[in-house]
């Protein structure tokens, strides 16, 4: 098992394709890289699905309320 000194750990950002730049000091060398932790600034699929479902339910409720108010308004105009 390889031992890692905590001072050798670095945190870097990936590009939009998930690639990371190590630096010129690693050019033409064989390196071993380990992913220790991953953070994302984007919501995961579960969070997106929940938000979409909640927005959809809210839109349905709003549409039902609008239909009721709209019907009342049209009925008021017909009187």
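The values are calculated or read from the model by the stated rules, or taken from the named source; none is laboratory data. Being a predicted model, the structure only gives us computed values, none of them experimental. Note that each Cβ is placed from the backbone with ideal geometry, even for glycine, and that neighbours are counted across all protein chains shown.
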Test: residue in the range 25-46 that is without any contact (Cβ under 8 Å) to a residue 24 or more places away in the chain, more than 30 Å from the chain's Cα centre (by Cα) and in a helix (DSSP H, G or I): yes
Residue 58 part of a helix (DSSP H, G or I), within 16 Å of the chain's Cα centre (by Cα) and at negative phi: no
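Okay, residues lined up against (1) within 30 Å of residue 13 (Cβ to Cβ); (2) in contact with a helix residue (DSSP H, G or I) (Cβ under 6 Å, 6 or more places away or on another chain); (3) modelled with pLDDT under 80:
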| site | (1), (2), (3) |
| --- | --- |
| 27 | yes, no, no |
| 32 | yes, no, no |
| 40 | yes, no, yes |
| 48 | yes, no, no |
| 58 | no, no, no |
| 62 | no, no, no |
| 66 | no, no, no |
| 70 | no, no, no |
